[in-house]
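K.L.:
Please read through the structure below; I'll follow up with questions.
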Amino acid sequence: MKSRPSFEKIKTASEFESHYWYREELQDICVNLKISSKGAKAELEERLKSFITLGREKFLKKENSTKGPVSVPRKTKSEKEITLKSKIIPEGIRFDSKFREFCREYYDLKKFSFTKAMAEAVRDAEKIGNLKLSVQDLLKVYENPPKEERPDDRVLRWNRFVKDFHSDPKTSPLKNKLNIAAFLWGKVRDRAGSKKFNPSLLKEFAKDIQKLETKSNK
């Protein structure tokens, strides 16, 4: 594995994606570029990939033209009866027993569970100040969840992968742990199947791991 170049030397978004970055590093890069350094790690990564792809001038123009309304929080409590036309944010509808009972009766189910996609839809609406999101819109998300993986989902999977990697006793003797974890993650990320760490990966890529360990000892 090649050593990671400085951000200034990276030419493509795919090259940027091939390396692992800490959130603090991404924030420092944004500060140096004089662009927003706010947001979760996934947001920072997407922002910097866009910067690389578009170039500074086009990126800043896009950022200025796509600034949406200020985020709007929901009311603390919903006092009205819930209907399909009820608006999530203005009416303070939350994922509580009242809303769960409405959904359970609507679908004629014995038990109803809210989904991650529904929660993400509400967070997105709050973030951009979308006051029109209704119960009916949210139930459409429940019935037809998005198929594409969100950037933050990829970050969470990596975090779980590296955590499991470090906690496995078989990785204890390794010295170049972060680079090895990143290498193995790249392998499982780009192929079909589970994206979780499995000790069998250490055997499957033993030669590559040995090369990474040799480099770290030089």
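The values are calculated or read from the model by the stated rules, or taken from the named source; none is laboratory data. None of these values were measured; they are calculated from a predicted model. Positions of Cβ are backbone-derived with ideal geometry, glycine not excepted, and every protein chain shown enters the neighbour counts. We work out accessible area using only protein heavy atoms, side chains counted, and drop any ligands, DNA or RNA first. Shrake-Rupley method; radii C 1.70, N 1.55, O 1.52, S 1.80 Å.
K.L.:
Roughly how many nanometres apart are two label points built 7 Å out from the Cα toward the Cβ at S194 and E120?
P.N.:
2.3
K.L.:
Give me, ordered by chain and number, the residues 5 or more places off S134 or on other chains with an amide H under 5 Å from its own placed amide H.
P.N.:
I88
K.L.:
Keeping all protein chains in the complex and leaving out DNA, RNA and ligands, what accessible area do you get for S65 with a 1.4 Å probe, in Å² to the nearest 10?
P.N.:
90
K.L.:
Can you work out the FRET efficiency for the pair K98 and K127, with r the C-beta to C-beta distance and R0 = 25 Å, to the nearest 0.05?
P.N.:
0.55
K.L.:
Something else: Using the C-alpha gyration tensor of region 139-215, what are the square roots of 5 times its eigenvalues, in whole angstrom, with the largest one first?
P.N.:
30, 12, 10
K.L.:
So, in Å, what gap is there between the alpha-carbon centers of region 144-210 and region 81-135?
P.N.:
35
K.L.:
How do K98, K211, K110 rank by accessible surface area computed with a 1.4 Å probe, from largest to smallest?
P.N.:
Details: K98 85, K211 135, K110 200 Å².
Largest to smallest exposure gives the sequence K110, K211, K98.
K.L.:
Once the piece of chain linking H19 and E63 is laid out straight, how much longer is it, given 0.36 nm per residue of separation minus the C-alpha distance between them? Could the numbers behind the result be given before it?
P.N.:
Values: separation 44, 0.36 × 44 = 15.84 nm, distance 2.47 nm.
Contour length minus the Cα-Cα distance gives 13.4 nm.
K.L.:
Further question on the same structure: Taking a 1.4 Å probe, which of F165, F205, F95 shows the most accessible area, and what order do the others take after it? Each step should come with its number before you reach the end.
P.N.:
Working: F165 0, F205 25, F95 70 Å².
These residues rank, largest area first, as F95, F205, F165.
K.L.:
Additional query: Find the relative contact order for the chain and round it to a whole percent, using C-alpha pairs within less than 8 Å whose residues are 6+ positions apart.
P.N.:
16
K.L.:
Starting from the coordinates of the alpha-carbon atoms of the chain, obtain the Kirkwood hydrodynamic radius over all distinct pairs and give the value in Å to one decimal.
P.N.:
It is 20.8 Å.
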